[in-house]
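Notes follow once the structure below has been shown.
The values are calculated or read from the model by the stated rules, or taken from the named source; none is laboratory data. Predicted model only: the values in this text are computed from it and were never measured. A quick note on method: Cβ atoms are made from the backbone with ideal geometry, for glycine too, and the neighbour counts reach across all protein chains shown.
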Amino acid sequence: MNKEEYLAYLSYINNGKWHQIYNDLKSQITCQKTKYADFCSDQAIKNKSYITIFDSDYPLYCNNVWNPPFVLYYYGNKQLLKHKIIMITGNISISNIIEVKDSIENFSKEYVFCNEAWKGLDIQLIDYLISKNKNIIIILACGIEYAKNSLPKKWFDYSNLLFISEYPSNYHTSKITLKARNRISAAISNYLVLLSCYKSTMNNLIDQFLNIGKDVYCLDDIQNNLNEDNFNKNLINEGAGKITSITDLILK
């Protein structure tokens with residue numbers, strides 16, 4: 001077993017939990033026969049659908065975050081990681097969604113849109129991006145096989161989409177994993193675009209971007225600002241970049 005496979009084994013038996021992987025790696029624990037057999041039978045392992053921190057194609061920008069993921073499991077078009085990546089998200093419905101969709105059409109194939117597939121606006125955005133043949137990366141808070149039970153099948157059939165997770169195939173979502181994935185979103189994206197923000201629910205995601213010196217932009221819209229639950233205006237007042245259209249970012 002080489003060091004890459006050993007690290008994938010540690011990720012598998014510890015369900016992707018960073019500190020447990022770290023402790024086992026530090027202790028150089030011995031592989032257990034039964035657990036190793038289960039590990040080898042996992043489809044992602046059979047297909048080598050993962051990248052470890054020891055691999056030459058591990059995304060170097062992931063090293064910039066606190067506790068860089070030891071293993072990234074993936075499904076889809078891995079080449080998308082080489083493009084310019086914009087994280088675009090929101091968790092309140094917005095009145096100018098048509099204008100946002102029109103703006104998205106102006107982005108060329110060199111751009112990739114990163115998202116975490118929250119219910120509501122995010123799902124709507126991803127469906128639209130697929131309909132317009134845009135490039136997409138989705139960062140999961142669970143294993144990829146687990147996600148197949150809840151996300152649309154057409155997403156997994158779409159050729160210009162990449163799923164990324166630091167959790168083995170069937171691991172479930174938790175409060176911890178929902179926060180932990182934010183550092184991966186920040187690592188791979190050039191900057192964050194918030195279409196809307198329900199109160200302070202995006203604080204952890206915003207902090208992950210700011211912690212590694214990346215810009216945060218908020219969509220500023222008069223009608224959307226009338227919604228007191230939308231904190232975009234507050235974030236702009238606190239120093240976030242203000243944009244009136246996401247096409248403002250094409251040249252950044």
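Set side by side, the residues TYR158, TYR198 differ, and just one is touching a residue at least 24 places away in the same chain (Cβ under 8 Å) and over 21 Å from ILE104 (Cβ atoms), which is TYR198. Taken over segment 7-34, the residue count meeting the criterion of being modelled with pLDDT of 95 or more and either among the charged types (D, E, K, R) or assigned by TED's automatic domain parsing to the domain that holds ILE164 (or both) is 3. From the list LYS148, LYS119, the one residue that fits, being loosely packed, with under 15 Cβ neighbours inside 10 Å and either over 23 Å from ASP220 (Cβ atoms) or touching a residue at least 12 places away in the same chain (Cβ under 8 Å) (or both), is LYS119. Taken over segment 161-175, residues that are touching a residue at least 60 places away in the same chain (Cβ under 8 Å) and within 14 Å of ASN15 (Cβ to Cβ) amount to 6.
Against the numbered list (1) out of contact with any strand residue (DSSP E or B) (no Cβ under 9 Å at 6 or more places or on another chain); (2) under 23 Å from TYR75 (Cα atoms), GLN20 comes up short only at (2).
Among the residues of segment 20-39, which ones are of a type outside the set (Val, Ile, Thr) and under 16 Å from TYR167 (Cα atoms)? Within segment 20-39, GLN20, TYR22, ASP38, PHE39 qualify.
Report yes if some residue within segment 28-45 is under 12 Å from PRO168 (Cα atoms), of a type in the set (Phe, Trp, Tyr) and either assigned to a helix (DSSP H, G or I) or under 23 Å from the mean Cα position of the chain (by Cα) (or both); otherwise report no. So far as segment 28-45 goes, yes, one or more of its residues are under 12 Å from PRO168 (Cα atoms), of a type in the set (Phe, Trp, Tyr) and either assigned to a helix (DSSP H, G or I) or under 23 Å from the mean Cα position of the chain (by Cα) (or both). Of all residues in segment 55-77, those that are in contact (Cβ under 8 Å) with a residue 60 or more places away in the chain and surrounded by 15 or more Cβ atoms within 10 Å (Cβ to Cβ) total 15. One residue alone among LEU162, LEU194 is buried (at least 18 other Cβ atoms within 10 Å of the Cβ) and in contact with a Lys or Arg (Cβ under 7 Å, 6 or more places away or on another chain), and that residue is LEU162.
Of the residues PHE113, PHE156, the single one that is of a type outside the set (Asp, Glu), in contact with a Gly (Cβ under 9 Å, 6 or more places away or on another chain) and at pLDDT 95 or above is PHE156. Residues that are of a type in the set (Val, Ile, Thr) and in contact with a Phe, Trp or Tyr (Cβ under 9 Å, 6 or more places away or on another chain) within segment 32-56 comprise ILE45, ILE51, THR52, ILE53, listed in sequence order. Number of residues in segment 122-136 that are of a type outside the set (A, V, I, L, M), within 16 Å of THR247 (Cβ to Cβ) and surrounded by 13 or more Cβ atoms within 10 Å (Cβ to Cβ): the value is 2. Residues that are among the aliphatic types (A, V, I, L, M), modelled with pLDDT under 95 and either within 22 Å of LYS199 (Cα to Cα) or within 14 Å of the chain's Cα centre (by Cα) (or both) within segment 66-110 comprise ILE92, ILE94, ILE97, VAL100, listed in sequence order.
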